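The values are calculated or read from the model by the stated rules, or taken from the named source; none is laboratory data. Note that the coordinates shown come from a computational prediction; the quantities given were computed from them, not determined experimentally. All Cβ positions, even for glycine, are placed from backbone atoms using ideal geometry, and neighbour counts span all protein chains on display. Quick note on the areas: whole protein, heavy atoms, side chains included, nothing else; ligands and nucleic acids left out. Shrake-Rupley method; radii C 1.70, N 1.55, O 1.52, S 1.80 Å.
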Amino acid sequence: MGLSGKTAIITGSNSGIGLGVARELAKAGADVVLNSFTDRDEDHALAAEIAAETGTSARYIKADMSKGAECRALIEQAGACDILVNNAGIQHVAPIDQFPVDKWDAIIAINMNSAFHTTAAALPMMRKAGWGRIVNIASAHGLTASPYKAAYVSAKHGVVGMTKTVALETAQEPITCNAICPGYVLTPLVEAQIPDTMKEYDMSREDVIKNVMLERQPSKEFATVEQLGGTTVFLCSDAAAQITGTTISVDGGWTAL
Ligand code: NAD
């Protein structure tokens with residue numbers, strides 16, 4: 001298979017998009033390293049399940065992406081990193097003058113700074129191996145803004161900027177760096193926003209999904225974790241060798257508006 005012999009590290013991958021991306025990379029033959037900040041039996045069971053389904057090797061390594069040293073240790077502990085998917089992310093919604101400082105710091109650390117640390121640790125391994133792919137899971141909010149999401153929008157715009165910079169620094173090497181910008185995907189991160197939004201707008205779940213969440217997504221459909229996994233596999237393919245320093249939107253037309 002296309003990615004056999006490659007090791008892929010996906011940060012924040014015991015849930016949602018990261019897990020979907022890990023599954024698709026494993027289906028394409030990559031040995032995957034799952035990650036989150038917990039160390040539960042079910043985290044390791046997810047890796048065992050992927051290994052059993054795909055016949056590839058899959059491991060789970062605990063590391064807290066809010067801490068620079070742990071980001072770097074994740075890469076070192078994995079021992080190899082041909083494909084790095086920076087995916088770990090959290091959200092908090094509040095007006096900027098009421099934005100809790102600890103939430104701001106955590107979002108900037110997990111959603112943006114972690115990609116700096118993992119990339120810095122992974123690049124020497126990619127250079128030694130003579131091949132590398134960095135895929136940053138940014139967001140439509142890396143290209144456009146929404147009110148009350150100052151930290152998230154700032155972090156995701158930062159990730160898009162970092163993506164371009166890393167692409168320029170590796171442009172003459174067999175390494176690419178790109179960002180995927182999803183619109184709304186129905187994952188636990190989004191699911192958690194539904195009850196508050198129902199209360200805020202006094203709306204049913206269906207109305208929140210259609211009239212609030214998917215209001216800016218012209219397709220009126222959520223993107224899926226499989227589609228994001230497929231886009232990542234494409235960026236790791238030979239066909240994508242000259243695609244670097246750019247963003248690919250998987251947002252049902254959101255950023256075309
Ligand atoms: P999710 O909550 O399902 O997954 C987030 C993952 O990050 C989980 O595995 C979680 O354990 C992990 N994580 C959180 N804090 C961590 C930490 N300190 N250290 C290590 N791991 C940590 O959410 P998701 O929707 O799958 O989000 C994944 C990424 O996709 C995020 O970067 C998010 O911003 C981005 N994104 C999501 C959407 C969407 O609509 N769901 C849209 C655009 C971008």
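Among the residues of the stretch 26-34, are any assigned to a strand (DSSP E or B) and under 24 Å from Leu186 (Cβ atoms)? Yes, that holds for at least one residue. All conditions but one from (1) open to solvent by 50 Å² or more (accessible area, probe 1.4 Å); (2) within 27 Å of Ala155 (Cβ to Cβ); (3) within 13 Å of the ligand (Cβ to nearest atom) apply to Glu42; the one that does not is (2). Surrounded by fewer than 22 Cβ atoms within 10 Å (Cβ to Cβ) and within 15 Å of the chain's Cα centre (by Cα): does that describe Ser36? No, not satisfied. So which residues in the stretch 184-210 are aromatic (Phe, Trp, Tyr) and in contact with a Leu (Cβ under 8 Å, 6 or more places away or on another chain)? The answer is Tyr184, and nothing else. Among the candidates Ser57, Ser4, Ser13, the residue that is within 10 Å of the ligand (Cβ to nearest atom) and out of contact with any Cys (no Cβ under 7 Å at 6 or more places or on another chain) is uniquely Ser13. If you go through the stretch 198-215 one residue at a time, do you hit one that is more than 15 Å from the chain's Cα centre (by Cα) and in contact (Cβ under 8 Å) with a residue 40 or more places away in the chain? No, because not a single residue in the stretch 198-215 is more than 15 Å from the chain's Cα centre (by Cα) and in contact (Cβ under 8 Å) with a residue 40 or more places away in the chain. What residue, among those in the stretch 16-33 that are away from the ligand (no atom under 15 Å from the Cβ) and open to solvent by 30 Å² or more (accessible area, probe 1.4 Å), is farthest from Ile110 (Cα to Cα)? The extreme case among them is Lys27.
Across the stretch 190-242, the qualifying residues are those that are part of a helix (DSSP H, G or I) and small (Gly, Ala, Ser), and the one among them that is surrounded by the most Cβ atoms within 10 Å (Cβ to Cβ) is Gly229. The single condition from (1) surrounded by fewer than 20 Cβ atoms within 10 Å (Cβ to Cβ); (2) within 12 Å of the ligand (Cβ to nearest atom) that Gly245 fails is (2).
Scan (1) out of contact with any Asp or Glu (no Cβ under 9 Å at 6 or more places or on another chain); (2) among the aliphatic types (A, V, I, L, M); (3) farther than 24 Å from Leu186 by Cα for the single condition Ala58 breaks and write down its number. So the condition that Ala58 fails would be (1). More than 20 Å from the chain's Cα centre (by Cα) and in the same structural domain as Leu168 (by TED's automatic domain parsing): does that describe Ala256? No, not satisfied. What do you reckon, is Ile83 more than 16 Å from the ligand (Cβ to nearest atom), under 13 Å from the mean Cα position of the chain (by Cα) and under 18 Å from Ala63 (Cβ atoms)? When the stated conditions are applied, Ile83 passes them.
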